[in-house]
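Beneath this line is the structure, given in structure tokens, with notes to follow.
The values are calculated or read from the model by the stated rules, or taken from the named source; none is laboratory data. All figures in this text were calculated on a predicted structure; none of them were measured in a lab. Here the Cβ positions follow ideal geometry from the backbone for every residue, glycine too, while neighbour counts run over all protein chains shown.
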Amino acid sequence: MRASAALMELAPAAAPPFELAVRVRSASGKAIAVEATATTRGKPPEDGDPSPDGVRFSIPAGVRYEVCLRAEDHVSIYRAGIAQAGGTACEDVVLPLQ
């Protein structure tokens, strides 16, 4: 019994998540409201950016993700990839004049 008590195995540390952030602007620099949905294996992440012109998702490391952004009266913008541990992707999208 003593030997088995000494063989305590620790769980591996969880890898830090991947952070994906996008802000949308017009060609003149005006903020444009954007909504987004993220699809991953398991429970989809929620938008962690409270501002109307940006989104931020925290995605578990190693998970494939797809994000669809919809800006008011503009085309949809897609981003996809595999979340790298501790990585970040910050992007400013500038929409062309209509």
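Just so you know, in the stretch 48-85 the residues that are in contact with a Leu (Cβ under 6 Å, 6 or more places away or on another chain) and assigned to a strand (DSSP E or B) include one that is nearest to Phe18 (Cα to Cα), and it is Phe57.
When you check Pro45 against the structure, is it part of a loop (DSSP other than H, G, I, E, B), touching a residue at least 12 places away in the same chain (Cβ under 8 Å) and farther than 15 Å from Cys90 by Cα, yes or no?
Details: part of a loop (DSSP other than H, G, I, E, B): yes; touching a residue at least 12 places away in the same chain (Cβ under 8 Å): yes; farther than 15 Å from Cys90 by Cα: yes.
So Pro45 fits the description; yes.
Pairs linking a residue in the stretch 50-75 that is more than 26 Å from Ala14 (Cα to Cα) to a residue that is part of a strand (DSSP E or B) and of a type in the set (Phe, Trp, Tyr), with Cβ atoms under 8 Å and 6 or more positions apart or on different chains, are Cys68/Tyr78; Leu69/Tyr78.
Condition first: closer than 23 Å to Leu97 by Cα, among the small types (Gly, Ala, Ser) and surrounded by 12 or more Cβ atoms within 10 Å (Cβ to Cβ). Can you find one or more residues in the stretch 56-70 that meet it? Within the stretch 56-70 (the criterion being closer than 23 Å to Leu97 by Cα, among the small types (Gly, Ala, Ser) and surrounded by 12 or more Cβ atoms within 10 Å (Cβ to Cβ)), the answer is no, since none of the residues qualifies. The single condition among (1) among the charged types (D, E, K, R); (2) closer than 16 Å to Leu69 by Cβ; (3) modelled with pLDDT under 90 that Arg25 does not meet is (3).
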